[in-house]
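The block underneath contains the structure these notes are about, expressed in structure tokens.
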Amino acid sequence: MRKYSLAISIFLLVFLLCVSVGSVTIPVQDILHSFNALLTGQELNNQYDRIIYYIRIPRVIVSGLVGVSLALSGAIMQGLLKNPLADGSTLGISSGASLGAVVAIITGYNIPYLPFYGTVIMAIAFAFGSLLLILGISYRIDKTLSNNTVILVGVIFSMSTSSLISLLIAIFNNDIQRIIFWTMGSLSGSTYENAILLIGSIIIFGGIALFKAEEMNAFSLGEDQARNLGVNVKRIRILLFLCSSALIGAAVAVGGNIGFVGLIIPHMTRLIFGSNHRIVLPMAVFIGAIFLMTTDLISRTMFRPTELPIGVITALIGSILFLAIFSRRRV
């Protein structure tokens, strides 16, 4: 219980810090006053109230939820494949979701009265399609869907999809600035609608993963041992892959292509708390949220008022942490 209390305390402190600091620094007492006004239904008259409610809170919430989605998806992938390099980026699912979002941007695909959800649907649909294609090709090569085969096909698919995105950028250069900034990741303009979408995705697909934590523990013993323990390996793997791809699709649709979160956060969680997925998955939720809220704060304040793409910051921090972890493990 102590570890969860500590994680919640750190999360709340980081949340307050991220709401407080920005182009305009807001004192903590004013933030608490605004929260009280929101809870009691008072009118938001103060200029700080409007900044907090309409800009800071939705952005900080969305950044935390994107971090949760990516961390959970990475933990699921690495647990299933027993490979520290497995996550949505290396398996090609993030690239597939990015391709769907880029197609939506280029074609102007929208849903009447729900313009944002056109990109969401395309990203999630392409994430699912990418997963099915990767698993289908892997099955044709290896009927057992072995881990090495799935990872190899995923890496090749990711390279191909990245090439397609580059080709679309070259052809449709009218949208080049918007697409390039989006493919590097951005949480500017985050809304409460984005937060609701991510919360729904996390509750449904993250909840399924948490419910299947024991089966994921069995996977860590090896596929044969998991079968001996009564786990339907193919069914559970496909179900959890679908959950992971849905989490990635929602995160990419909202925040763009943000790398290294799904790769590094599960590593950090396992180093601190061990390999039991009943603990790893919920703790990855807190660490993923804290990590991405912090990196988003850095991206919007390091060179303010200029805002850096958050994917650049996560890649820089993530690569340093990744090298530090693996060099330490080899010593």
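The values are calculated or read from the model by the stated rules, or taken from the named source; none is laboratory data. None of these values were measured; they are calculated from a predicted model. Glycine gets a Cβ as well: all are built from the backbone with ideal geometry, and neighbour counts include every protein chain shown.
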- Message: Given (1) out of contact with any helix residue (DSSP H, G or I) (no Cβ under 7 Å at 6 or more places or on another chain); (2) assigned to a helix (DSSP H, G or I), identify the lone condition not met by Gly206.
- Response: (1)
- Any chance you could count how many residues in segment 84-108 are surrounded by fewer than 24 Cβ atoms within 10 Å (Cβ to Cβ), closer than 14 Å to Val120 by Cβ and touching a residue at least 40 places away in the same chain (Cβ under 8 Å)? 2
- Restricting attention to segment 1-24, report how many residues are under 17 Å from Arg59 (Cβ atoms), at pLDDT below 85 and either surrounded by 12 or more Cβ atoms within 10 Å (Cβ to Cβ) or more than 26 Å from the chain's Cα centre (by Cα) (or both). 2
- Note on the structure: Of the residues in segment 255-279, those that are surrounded by 24 or more Cβ atoms within 10 Å (Cβ to Cβ), among the aliphatic types (A, V, I, L, M), more than 13 Å from Ser94 (Cβ to Cβ) and at pLDDT 90 or above number 1
- Query: Which pairs do you get when a residue that is assigned to a helix (DSSP H, G or I), found in segment 133-151, comes within reach of a residue that is surrounded by 13 or more Cβ atoms within 10 Å (Cβ to Cβ) and charged (D, E, K, R), reach meaning Cβ atoms under 7 angstrom, with the pair 6+ apart or on two chains?
  - Reply: Asn147/Lys82; Thr149/Asp142
- When Ala195 is evaluated against the numbered criteria (1) within 20 Å of the chain's Cα centre (by Cα); (2) surrounded by 13 or more Cβ atoms within 10 Å (Cβ to Cβ); (3) closer than 23 Å to Ala315 by Cα, which criterion, by number, is the only one it fails? (3)
- Test Ile61 against the stated conditions and say whether it is in contact with a Ser or Thr (Cβ under 8 Å, 6 or more places away or on another chain) and not hydroxyl-bearing (Ser, Thr, Tyr). yes
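To keep it simple, each residue is scored yes or no on (1) of a type in the set (A, V, I, L, M); (2) farther than 30 Å from Leu271 by Cα; (3) surrounded by 22 or more Cβ atoms within 10 Å (Cβ to Cβ); (4) in contact with a Lys or Arg (Cβ under 8 Å, 6 or more places away or on another chain).
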site	(1), (2), (3), (4)
Leu32	yes, yes, no, no
Ala37	yes, yes, no, no
Tyr48	no, yes, no, no
Tyr53	no, yes, no, no
Val60	yes, no, yes, no
Gly79	no, no, yes, no
Lys82	no, no, no, no
